[in-house]
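Only the coordinates and a few stated rules stand behind these numbers; no lab work does. This one's a predicted model, so the numbers in the text were calculated from it and none came from an experiment. Note: ideal-geometry Cβ built from the backbone for every residue, glycine included; neighbour counts use all protein chains shown.
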Amino acid sequence: MSVPRAGQADDSPRQWTVRHNRQNTRFEAGTSRNPAHLDYLLAGDLLEIYHTEVPVDYRSQGVAEKLTRAALDWARESGYKVLATCSYVDAFITRHKEYQDLL
């Protein structure tokens, strides 16, 4: 099975759906073999987001933003506060005021 290349119309990262993989405490998008992902830890009512990774072929296409929004929206819906130890997520929250109440 080949991994789709960036820019193919049938698998554009802009069309990817974010999946919540609760078993592995992460949000994922893209191929199952090499997904983009955002990893978190849960401790009580605190959600620590500590890592976001997007495969090189899919960077600069909004994938990390999709993962981050999905995780932050889930945190809000679930009543969690967020500790953003991932530098990308920390910068994202700084730029997007609508998520700062989660800190």
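I'd like the residue in the range 53-91 that is crowded, with 16+ Cβ neighbours inside 10 Å and of a type in the set (S, T, N, Q) and, out of all such residues, is farthest from TYR40 (Cα to Cα). Result: GLN61.
If I filter the range 63-83 for residues that are part of a strand (DSSP E or B), within 13 Å of the chain's Cα centre (by Cα) and among the acidic types (Asp, Glu), do I get at least one hit? No, every residue in the range 63-83 fails to be part of a strand (DSSP E or B), within 13 Å of the chain's Cα centre (by Cα) and among the acidic types (Asp, Glu).
Only residues that are under 12 Å from ALA71 (Cβ atoms) and of a type in the set (Gly, Ala, Ser) were counted across the range 14-35, and they come to 1.
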